[in-house]
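Single-structure report; data block below.
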Amino acid sequence: MAEISESLLQLSVFVPIIFGGILLLFGTSANVFARKLAFVGFLFPALVSLWLWFAFSPDPETGYAFLTEVPTGLGIVGISLKLGLNGISLPLFVLAGVAGFAAGFYALVSPAERLRQYLALLLFMHGGLMGIFASVDVFFFYFFHEIALIPTFLMIGIWGGRERHYAAMKMTIYLSLGALLSLVGLIALYVQSGATSFDIISLKNALEGQSIGSVAQRHTFALLLFGFGILVSLWPFHTWAALGYGAAPTSAAMLHAGVLKKFGLYGLIQIGAPLLPEGAASWMYLLALLALGNVIVIGFVTVAQRDLKQMIGFSSVMHMGYCFLGLACLSAVGVGGAVILMFAHGLTVALLFLLGNCIYQRTGTFDMREMGGLARKAPVLAAFFVTAMLASIGLPGPGLANFWGELTVFIGLWQYREWMVVPAVFGVVISAVYGLRAAGNIFFGEETDEFRKASKGKTIHDILWFERTPALVLLALLILVGLWPRSLTDGINETVAPMYGGGDVAIEAADATPGSAEGAASYGFAERLPTCCAPPGTEVRTAIKMDNHSHE
Amino acid sequence: MSVEHLIVILLLVPFVSAGLIGAFLRRRGELAAAVSLAAAAVVLIGSLYLIFGNIREEFSYDWMTFGEYTVSMGFYFNDLAALLLFVVAVVGFLIHVFSLGYMKDDPGKARYFAGLSLFMFSMMGIVFANNLIMMFIFWELVGLSSFLLINHYYHKPSAAAAAKKAFIVNRLGDFGFLLGIIWSYWHFGTLNLFEMEALVGADPEILHVGIGLLLFCSALGKSGQIPLHVWLPDAMEGPTPVSALIHAATMVAAGIYLLCRIFFLIPPDAMAVIMWVGALTAVLGSLCAITQTDIKKILAYSTISQLGYMVAAFGLGALVLDGETGTAIQAGIGAAMFHLVTHGFFKALLFLGAGSVIHACHHEQSIYRMGGLRVTMPITFATFTIGVLALIGMPGLAGFFSKDAILYLAWANSKAVFVILALTALLTAFYMTRLWLTAFFGEAKSEAASDARENGWVMTGPLVILAIFSVLAGYEFMHPAIFHDIMMHVPHAEGGDFALVAGVSISVLVAGLVAAWLFYGAGARKDRLEQHRPAIHSFLARAFFFDDVYDWYVVKVQQRFSSLINFFDHIVISGLIVRGAAGIIGFVSLGIKSAQTGSLHGYVYWIFLGVVLMWLFVGFIL
């Protein structure tokens, strides 16, 4: 049984890539066969990811489940194709599978020219995404990112909308820069670790024996932080994001904003921070400040947007700020919240881009000032969009999963820096403003003259089956995890608690001089130590916990 | 079936109903109404069993864990919860019945009933919640259902704007609430109400005034306290039964319920703030009500004013602190909850009466276009009259008892608040008499009003039942031992104090009533205040400029600020820094420009080549 799961894990990465290759190499027309093949290519990883979620039980020693290794002939430099899942990668692996299916399904019926090539690139992207989160080997983790990223550029450049050439160019330069920085960081990490293999488990083991010196840690982590940060649109390196998403074809935007963008955060959480704890500690205050920039500055920028797609793009940049804030806590609570928020945000933003395009199909414009009253013609579409929007702004209910993420991040953040919680929570109000304004402008009130003119002589359909199916898939998963968060959080907790829970690291970090002017003691680590500045309720809490047990 | 299961199932019944309607019955209005009504009936029966079966429970399930931090889905059913559940279940059921008639021909009927079921679910969640996070989740959910129901006539720009406003203003209150919750978590180490009460009991010093005030923000938004009350009058854009259920009887009262539920977290200094906010809200709300012409808006401002009464009552409880902290606070709870219950009944009655009138007058809402309904709609008139008398505190009716309890508390604790609340009572009598005389007496002042006919029993039945509750809810025999925990704390004046409080209360009632009668007369066609004192009228009609300030803020400040930041983001970061950097690099790279073909394909090949080279480098040379 277990072996089947492991083979399935490998297949889920390679089936889409191989199918994409077949589409590209044999034939040119988007015939029925090609579509069927692509459909299977999109569906298979989704089903596998759900099955592996169900079957997930990590090995207590390594923390990973479904570990397999395929030799690549590069064993001499420690590169081998090692796949497996732990509590942090599992949620994102499921996200990649399901969002990939939704995006692929929507692409299958899209009227794009040269559909066959489009589907092939999307399949490459899907396979690459599965590979990123399934890789235990750092080299392949990076390699699969490139596999997923390059098709994005091509899709924007060829099938994109307005300003596509400029957007593709800017995104290529920006993201290549980010990717290169992080690659240098990863190689530096590998070289300094003294490990003989690129896989995370042996890197970790090597570093347990002898950790990297604190200066080297700070420099290496800086490379990772800013490299990955650019990829996740950390403020102020975010300007590629909304522009790129605005130009990208829908399925590419869904996959990039929903899944691929999480690569950088995932890299920091899974690799960077645990392997370079001192380096991470010294940069976290700056990271938290920049992340607040994401939340507040980009929050207000989002309020100012008039273009629906730009608005969704900016809102996704804003929400990345919460994930970074969770990471900045460097505690099991904060990081756990960041992971669950990454998962929930991925589903919501994919859903929003999908529905945004459905709206565009009906109004002929992305300009929200020219929309209005669409709910009358398309009530179900309105219901979907309002649900997705409310989920995105973290309203418990449709967005219960997003709420768990945000709340957990806030809880963690309070422990790190109390004052930061105030602007962070205020972001929730800002997002309500733009979210509700968008929903109101598009769907409620009276129809605008522009809309009447544009829709003259056309029948405006409500949401159609091929739009509804991917939307329902995304929404169902979001609600399931919202109602039953333990289905993911138990796994996450099992992984992040040993990774981020311990206090040993903090003591060492307190002595080190950090990357910037201030001392590490002021970087919040001291506050995590139960002995020195525990929150006032700590002793009491312990008492209550004991009481709890006796109660049970 | 154990009690725990019963409570969970009871909570889930309306949720399932909402889900069923949303997923399958969108076009089947009749069936949707039946499903929703059935759910409300189950809730009513189950709740009565829980309440009168004297079942009191606390239990919880783990929902999510990260490290030390656990969120649980918990239920805590005590006398306080039972009291609110009684109001929610009874009023909720009656309003479902009333809606059958009121929404008969509405094309969005299924959507409406799905919204009602969703609301019942969310409200019951608030009633049962045993920890602050669960409370917050359902707090947002009632906000969501309120948003959906205000937005029912979404094609009206005013309704869409009102729904948005309600949501955002409430979120502003919830901003404070959430901060308070997070702070509490780290301050107390738990968010479970039971455990927090034990902690505070063991060491009262642990209380923090900041936490108390932040938690009070929840009530500030949801219960329409100044300055976050502005959404409530606008919320009247929703269908009238919704206004009765959500924006009068239950949801807006949830803020008071929450305060009573967490009373032990609120230190005396915060109590003083709460008291003054409540008193101010009470008097400002009643002043605003005087000039409104829309029957629902009069009632909305009246609701704000009465909610202020309850909040003030809660705040008053703390001012006697000489060694008897516990009992003093509980007196506030008793008075506030008592008024919450009686108000829930008579305000729901008034709103449903208004709904009955509006329905009969073909959606005419201005009281100066009604008139003469006393004759054409006798049942509505009779029940509405009972509602008016209960609200203004006629001796013998429910409102008299609960209002006197609050006035007595004010008299005992703060004379200034007593004067304000007595003034509010006078104004209440004044504006309600104006409404009553103008809408029901004289001659019909519009065609719609002259066509008005009494509605069927589906609509008048709930009116009669609510009228009965509005009369009887104040008497002690209506409060059996099951509510003992709350009702024993309702303060009762005795001897001289009783004479004084009752005397003041009755004389302000008579004064307000007579003044309105003399000033407006029965069945007036025009607002005499507007004709004779235009300055006062226009000042009051602007409702103390709160809306103007908010509009100014939204349009002038928020909009401009976000445009400015957007400009900064576009020009400075994206333009100068990023493109400027690109420009410098471009300058440097003039020499290697020959490699740049400008075609994206070219670049992709370069990248591929780079990857392959790197692989070779890493694999063979290193």
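What follows draws every value from the coordinates through simple rules; no lab data is involved. Quantities reported herein were computed from a predicted structural model and do not represent experimental measurements. Cβ sites come from the backbone with ideal geometry, for glycine too, and all protein chains shown count toward neighbours.
For the stretch B:193-240, max minus min Cα coordinate along each principal axis, in Å, sorted largest first?
Result, largest extent first: 48, 21, 8 Å.
Report the gain in length on full extension from B:LEU564 to B:SER2: 0.36 nm times residue separation, minus Cα-Cα distance, nm rounded to one decimal.
196.4 nm
Test of understanding: extend the Cα→C-beta vector of B:ASP548 to 7 Å, then name every residue of the stretch B:221-249 with backbone N under 19 Å from that spot.
Residues B:227-231, B:233-234 fall inside that zone.
Let's test the formula: R0 of 45 Å, r as the Cβ-Cβ distance of B:VAL557 and B:SER450. What FRET efficiency results, to the nearest 0.05?
0.40
Within 10 Å, count the other beta carbons around each residue, average over each peptide in A:282-288, B:335-341, and list them highest first.
B:335-341, A:282-288
Please pull out the direction-averaged projected area of the stretch A:1-76, using the convex hull of its alpha-carbon atoms, in nm² to one decimal place.
Its average projected convex-hull area is 7.0 nm².
Bin all alpha-carbon pair distances of the stretch A:396-452 at 10 Å intervals from 0 and give each bin's fraction as a whole percent.
19, 36, 23, 14, 7, 1
To test your reading of the geometry: what angle, between 0 and 90 degrees and rounded to tens, separates the Cα axis of helix B:398-413 from the longest principal axis of chain B?
That works out to roughly 80 degrees.
List the trypsin sites (Lys or Arg not before Pro) in the stretch B:518-552 that DSSP assigns to loop (not H, G, I, E or B) and whose Cβ has at most 15 other Cβ atoms within 10 Å. Which are they?
Here the trypsin sites (Lys or Arg not before Pro) that fit, given the DSSP loop and packing criteria, are B:ARG525, B:LYS526, B:ARG542.
Residues of the stretch A:58-101 with the amide nitrogen closer than 17 Å to a label point 7 Å from the Cα of A:LEU50, along Cα-to-Cβ, please.
A:91-101
Grab every C-alpha pair in chain B, bin the distances at 10 angstrom width from 0 up to the longest one, and report whole percents.
3, 16, 25, 24, 14, 7, 5, 4, 3, 1, 0
Taking H as built 1.01 Å from N, whose amide H comes closer than 5 Å to the amide H of A:TYR64, not counting residues under 5 places away?
For A:TYR64, the qualifying residues are A:ASP59.
With a 10 Å radius around each residue's Cβ, average the other Cβ atoms per peptide and rank B:276-282, B:417-423, B:55-61, highest first.
Details: B:276-282: 24.6, B:417-423: 20.9, B:55-61: 15.4.
Those peptides, ordered most packed to least, come out B:276-282, B:417-423, B:55-61.
Taking 0.36 nm per intervening residue step and subtracting the Cα-Cα distance, what contour gain separates B:ALA41 from B:VAL419 on full extension? Each step should come with its number before you reach the end.
Numbers: separation 378, 0.36 × 378 = 136.08 nm, distance 4.33 nm.
Result for the pair: 131.7 nm of gain on full extension.
Sort the following peptides by mean Cβ neighbour count (other Cβ atoms within 10 Å, averaged over residues), highest first: B:456-464, A:237-245. All intermediate terms of the calculation are to be shown ahead of the outcome.
Details: B:456-464: 19.0, A:237-245: 25.2.
Per-residue Cβ counts within 10 Å, averaged per peptide and sorted highest first, yield A:237-245, B:456-464.
Relative to the longest principal axis of chain A, what angle (0 to 90°, nearest 10) does the C-alpha long axis of helix A:379-392 take?
Helix A:379-392 sits roughly 20 degrees off the main axis of chain A.
For A:302-315, what's the mean count of beta carbons from other chains sitting within 10 Å of each residue's beta carbon? Mind dumping the intermediate values first?
Numbers: counts 3, 7, 12, 2, 0, 0, 0, 0, 0, 0, 0, 0, 2, 0.
Mean shielding by partner chains, rounded to a whole number: 2.
How far is it, in nm, from the label point at A:THR28 to the one at A:LEU289 when both lie 7 Å from their Cα along the line to the Cβ?
Here the answer is 5.7 nm between the modelled labels.
A:LEU483 versus B:GLU68, label points 7 Å from Cα toward the beta carbon: distance in nm?
A separation of 3.4 nm, rounded to one decimal place.
Determine the distance separating the Cα centre of the stretch B:164-182 from the Cα centre of the stretch B:185-220; give it in Å without decimals.
Here the answer is 18 Å between Cα centres.
Specify the angular offset, from 0 to 90 degrees and rounded to the nearest 10, of the alpha carbon long axis of helix A:164-193 from the longest principal axis of the alpha carbons in chain A.
20
Can you give the convex hull volume per residue for the Cα atoms of the stretch A:337-448, as a whole number of Å³?
89
Please express the Cα-Cα pair-distance distribution P(r) of the stretch B:313-449 as a list of whole percents, one per 5 Å bin, running from 0 to the bin with the greatest distance.
2, 11, 17, 18, 14, 11, 9, 7, 5, 3, 2, 1, 0
If the label point is 7 Å along Cα→Cβ of A:LEU177, which residues in the stretch A:234-275 have backbone nitrogen under 13 Å from it?
A:234, A:236-241
Could you check how many percent of all C-alpha pairs in the stretch A:283-402 are farther apart than 21 Å?
Percentage above 21 Å: 43.
Counting just the Cα atoms, what span does the protein assembly as shown cover along each of its three principal axes? Round to the nearest Å and put the largest first.
Principal axes ranked by extent give 102, 73, 59 Å for the Cα atoms.
Express in whole angstrom the spacing between the alpha-carbon centres of the stretch B:514-574 and the stretch A:9-79.
Using only Cα atoms, the two centres lie 61 Å from each other.
Where Rh denotes the Kirkwood radius from the mean inverse Cα pair distance, what is Rg over Rh for chain A?
Dividing the radius of gyration by the Kirkwood radius yields 0.97.
Rounded to the nearest 0.05, what FRET efficiency do A:LYS36 and B:TYR61 have when you use their Cβ-Cβ distance and R0 = 45 Å?
Step by step, r from the Cβ atoms, then E = 0.50.
Of B:LYS164/B:LYS526; B:LYS296/B:LYS415; A:LYS377/B:LYS156; A:LYS170/A:LYS309; A:LYS309/B:LYS109, which pairs sit farther than 22 Å apart, going by alpha carbon to alpha carbon?
B:LYS164/B:LYS526; B:LYS296/B:LYS415; A:LYS309/B:LYS109
How many percent of the alpha carbon pairs in the stretch A:81-179 exceed a separation of 24 Å? Spell out each step's value before the answer.
Details: 1331 of 4851 pairs.
Summing the P(r) tail past 24 Å for the stretch A:81-179 gives 27 percent.
Take the Cα atoms of the stretch B:236-283, find their three principal axes, and give me the spread along each one in whole Å, biggest first.
40, 25, 11
Mind listing the long-range amide H neighbours of B:LYS156? Cut-off is under 5 Å, sequence gap 5 or more, other chains count too, H placed in the peptide plane at 1.01 Å from N.
A:GLY445
Quantify how strongly other chains surround peptide B:149-160 by giving the mean number of their Cβ atoms within 10 Å of each of its Cβ atoms.
The mean count of partner-chain Cβ atoms within 10 Å per residue comes to 4.
Give me a single rounded figure for B:390-397: the average over its residues of other chain Cβ atoms within 10 Å of their Cβ.
Per-residue shielding by partner chains comes out at 0.
So, in nm, how far is label B:PHE539 from label A:ARG306 when the simple model puts each one 7 Å beyond its Cα toward the Cβ?
Here the modelled spin labels are 4.2 nm apart.
Where a Cα-Cα gap under 27 Å defines reach, which lysines qualify for A:LYS82, not counting those fewer than 8 residues away within the same chain?
By straight Cα distance, A:LYS82 reaches A:LYS204, A:LYS261, A:LYS262.
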